[in-house]
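Shown next, in structure tokens, is the structure this report addresses.
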Amino acid sequence: MLLRRLHNYISPLIVVVVIILTMMACSTDKFIPDGEYLLDKVELHSDNKDVNQSLLMQYVRQKGNSRWFSLFKIPLGTYTLSGKDSTRWINRTLRKMGEKPVVYDTLQARLSCEDLTSAMKNMGYMNASVKIDKKVRGKRLTAIYNLHFGEPYVIDNFKYDIEDSVIAKVLTNHLKLGAQHPKQFTVTSLDDERKRLTHILNDSGFYRFHKDFIYYSADSIRGKQHVSVTLHLMKYIENSNSTPTLHPRYIINNVNFIPKDSTGFHLRKSVLEDNTAIEKGKYFSTTDLQNTYNNFSRLGAVHYTNINFREVPRYDSLVIGHSITKSSTHYLDADIMVSNNKPNTISFQPEGTNTAGDLGAAVVLSYHNRNLFRGSEHLSLEFRSAFEAIKGLEGYKNSNYEEYSVQARLQFPRLLSPFLSKEFRRRSSATTEVAVSWNLQNRPEFHRRVFNGAWKYHWMNVPHHLTYDFDLLNLSYVYMPWISETFKHNYLDNATTRNAILRYNYQDLFIVRTGFGFNYSSRSHAFRGKIELAGNVLNGLGGIFKFKENSMGKRTLFNIAYAQYAKFDFDYTQILRFDDRNTLALHGGIGIAYPYGNSTILPFEKRYFSGGANSVRGWSVRELGPGKFRGVDGRIDFINQTGDMKLDLNAEYRTHLFWKFDGAAFIDAGNIWTLRDYANQPGGQFHFTDFYKQIAVAYGLGLRLNFDYFVLRLDGGMKAINPAYTTTAEHYALWHPNLSVILHSILQLGFHSNDKVNYMG
């Protein structure tokens, strides 16, 4: 019965898709000249299963037409829908939107064979060869490149021949001897050794040294794949007519700061010096040079920096006769040119809001000073005002929501701490942030005031793509000055509807926490983790100074209970790139928070929720979970549909469509759970034996408008497996789809790098 229903639902769609694709395929032939063929597909067949063939595909010069989701040649089909008359605007438009048929070129195929052979030889397979086969069906051709690798060449003996005696002494402890040398005879491994030695020498004062002074010689035994390799490091040759000499070694003579314009320096001289890793009297170092660039790039008061080096003569003090002898030591002057940024900016930003169908508007006024104390301190002030008309509330005098907030942040481009030495703070790349904010919320049901204060540190490890965040102290004070009698009667004081989670989150509360987080991001994968602890210091002080307890037995500070909990979060994202148009993004995230000591319930702001654009996209925000719990009262479900634990799993296939448009097909899975059994969340507690039965699954399609600096994202998700069900049809929604697709539309604005991984959540 189930298979029959599935067949009845999918079969008509399949038939329509097949007909359309067939028509597109047939119409392609009119653009292929007689005697030539459409390059339908390119395949690589290898006799070596240990080699990643996808890495070799880049050496194939001519590939077939692009495919959406690696399946459908929609761009080619769009092109073929056009007529041969290029003067008509519809034909020009279709051709511009589509993709011209790729006609098989024998010359490009031959060059591809040569490039593939060279690539395999560079991998150490010196006897590699490539043969091309062709399969022809009508006017379509499949090109098959058969890769024969042969046996790899192995380095038996690795030696160094260094002609420069000074360099030989510098490299004494850096040479790879014995088992440390490269094993397989590959161009990459040998070039890596050249780069490694060049970097060491560039950091040791050899300003004019480059890797072209290093070359290799190799001897092999006929009939065997064993090679003896010698690395040769030549003496310094200034030009073709020069005599080889020792490589000059340079010492920094003077460091000069030069303003770019007539306004001079906007920064204090001590700030310029503290951010300069290049030091007088030290050997020239490319690492110090790069660190200097990195340090100045972190300063908001600096627009850009340019560093030039000049060789300067130095003379010995000894006078022989009437002449002065030139010093044998070489010196460099470092000229650091600094361009100033505009210190002050003011911005005004209007916003439109939509909270569960309630429309509103907001305005944000921001002020930024990037050089408050002439040390590139960044002061930001933000004022926000919002108004929203709330529908569906009964029994309240007012039906509007008002919010006013002010936030001040002061960032120091250095590490502020009384316990660290000045030299350590100067060498670190950390920033310090002090922030305070006040938020006023007036709802028909209650008035809420939230004060926040924080002292944070942030630092980066650029070479390893790592960033760290340390919240030394983060204080939140939640104050509830007024709660309507209607809300008290219906939800807080009524014994039949009393909700422990609800009551806890409508009380005055202190949250004093510390936290540490890390983030790693590269081109192919990323991960981040965070740990957060709250209330431990206050609980320790409470035990010493005997803090008072409230009616619920909780210790209080200034007659206000404080929260105590531990929270852990971890996310991982992997990007699999099939080609330049198609990628697969895999994401997994888990979070767990446990209240203990002075708390039995997590504060609302620290609880997890599921559903929405960055979670399981078949559900709206806070519509899913916990467990198999099903919301019963829309007015308070935003509280009840939260949990202490969260699991998110996402798989998203992304493909480039045309122009700035990208497409996506995704499958999401996950849910939230509680760690305790709460009466108002039946079925929401986590149990290891059956939690997997409560994992929700959704699927859908997405459209992306990617302008590099901002992305407009539109996703349409549908439920596949619903853990909160009353009928079998509702449980397995995949077989009983609701065609009223849930759309989650978000506008993502911000700068990002294309070579980095973006988290889905």
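Does region 192-211 contain at least one residue that is assigned to a helix (DSSP H, G or I), of a type in the set (Asp, Glu) and farther than 23 Å from Asp115 by Cα?
The answer is yes; a qualifying residue exists.
Please tell me if Asn308 is touching an Asp or Glu at 6+ places or on another chain (Cβ under 9 Å), surrounded by fewer than 14 Cβ atoms within 10 Å (Cβ to Cβ) and not in a loop (DSSP other than H, G, I, E, B).
So Asn308 passes the test.
Filter region 242-254 down to the residues that are surrounded by 13 or more Cβ atoms within 10 Å (Cβ to Cβ) and over 13 Å from Tyr283 (Cα atoms) and list them by number.
Within region 242-254, Leu246, His247 meet the criteria.
Among the residues of region 589-603, are any touching a Lys or Arg at 6+ places or on another chain (Cβ under 7 Å), on the phi > 0 side of the Ramachandran plot and either in a loop (DSSP other than H, G, I, E, B) or surrounded by fewer than 15 Cβ atoms within 10 Å (Cβ to Cβ) (or both)?
So far as region 589-603 goes, no, none of its residues is touching a Lys or Arg at 6+ places or on another chain (Cβ under 7 Å), on the phi > 0 side of the Ramachandran plot and either in a loop (DSSP other than H, G, I, E, B) or surrounded by fewer than 15 Cβ atoms within 10 Å (Cβ to Cβ) (or both).
Could you check, for region 274-294, whether at least one of its residues is within 35 Å of the chain's Cα centre (by Cα), exposed (fewer than 13 other Cβ atoms within 10 Å of the Cβ) and assigned to a helix (DSSP H, G or I)?
The answer is yes; a qualifying residue exists.
Looking only at region 173-193, decide whether some residue is in contact with a Lys or Arg (Cβ under 6 Å, 6 or more places away or on another chain) and in contact (Cβ under 8 Å) with a residue 12 or more places away in the chain.
No.
Being assigned to a strand (DSSP E or B) and surrounded by 13 or more Cβ atoms within 10 Å (Cβ to Cβ) narrows it down to one residue among Ser217, Ser189, Ser228; which is it?
On inspection, the qualifying residue turns out to be Ser228.
Within region 101-108, is there a residue that is closer than 22 Å to Arg581 by Cα, in contact with a Phe, Trp or Tyr (Cβ under 8 Å, 6 or more places away or on another chain) and part of a helix (DSSP H, G or I)?
Scanning region 101-108, I find no residue that is closer than 22 Å to Arg581 by Cα, in contact with a Phe, Trp or Tyr (Cβ under 8 Å, 6 or more places away or on another chain) and part of a helix (DSSP H, G or I), so the answer is no.
Which members of region 452-465 meet the condition of being surrounded by 14 or more Cβ atoms within 10 Å (Cβ to Cβ), of a type in the set (A, V, I, L, M) and under 16 Å from the mean Cα position of the chain (by Cα)?
Correct list: Met460 only.
Only one of these is charged (D, E, K, R), closer than 15 Å to Tyr608 by Cα and free of Cβ contacts under 8 Å to residues at least 24 places away in the same chain: Asp637, Asp677, Asp690, Asp648. Name it.
Residue meeting the stated conditions: Asp637.
Of the numbered conditions (1) closer than 30 Å to Ser285 by Cα; (2) surrounded by fewer than 17 Cβ atoms within 10 Å (Cβ to Cβ); (3) modelled with pLDDT of 90 or more, Lys131 fails exactly one; give the number of that condition.
For Lys131, the failing item is (1).
Conditions tested, residue by residue: (1) of a type in the set (Lys, Arg); (2) out of contact with any Leu (no Cβ under 7 Å at 6 or more places or on another chain).
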{"position": "Arg503", "(1), (2)": "yes, no"}
{"position": "Gln507", "(1), (2)": "no, yes"}
{"position": "Val512", "(1), (2)": "no, no"}
{"position": "Gly517", "(1), (2)": "no, yes"}
{"position": "Arg523", "(1), (2)": "yes, yes"}
{"position": "Phe527", "(1), (2)": "no, yes"}
{"position": "Leu533", "(1), (2)": "no, yes"}
{"position": "Val537", "(1), (2)": "no, yes"}
{"position": "Gly543", "(1), (2)": "no, yes"}
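So in region 150-167, with the set limited to residues that are closer than 17 Å to Ser220 by Cβ and of a type in the set (A, V, I, L, M, F, W, C), which one is surrounded by the fewest Cβ atoms within 10 Å (Cβ to Cβ)?
Only one residue tops the list, namely Val154.
Could you please give the count of residues in region 519-564 that are surrounded by fewer than 18 Cβ atoms within 10 Å (Cβ to Cβ), of a type in the set (Gly, Ala, Ser) and more than 30 Å from Asn461 (Cβ to Cβ)?
Here the count works out to 4.
Exactly one condition in (1) within 37 Å of the chain's Cα centre (by Cα); (2) closer than 30 Å to Asn127 by Cα is false for Ser220; which is it?
Going through (1) within 37 Å of the chain's Cα centre (by Cα); (2) closer than 30 Å to Asn127 by Cα one by one, Ser220 breaks only (1).
Output the residue which, of all residues in region 84-95 that are surrounded by fewer than 12 Cβ atoms within 10 Å (Cβ to Cβ) and free of Cβ contacts under 8 Å to residues at least 40 places away in the same chain, is nearest to Gly663 (Cα to Cα).
Ile90
Take region 430-449 and flag every residue that is outside any loop (DSSP other than H, G, I, E, B), touching a Ser or Thr at 6+ places or on another chain (Cβ under 7 Å) and at pLDDT below 95.
Result: Phe446, single match.
Does any residue in region 364-382 that is outside the structural domain of Asn295 (by TED's automatic domain parsing) and of a type in the set (Lys, Arg) come within less than 7 Å, Cβ to Cβ, of a residue that is in a strand (DSSP E or B) and modelled with pLDDT of 95 or more six or more places away or on a different chain, and which pairs are these?
As it stands, the answer is Arg370/His378, since those pairs meet every condition given.
Does any residue of region 482-499 turn out to be within 30 Å of His587 (Cα to Cα), at pLDDT 90 or above and in a strand (DSSP E or B)?
No, the conditions are met nowhere in region 482-499.
The values are calculated or read from the model by the stated rules, or taken from the named source; none is laboratory data. These numbers were taken from a predicted model, which means no experiment stands behind them. Please note: Cβ atoms are built from the backbone with ideal geometry, for glycine as well, and neighbour counts cover all protein chains shown.
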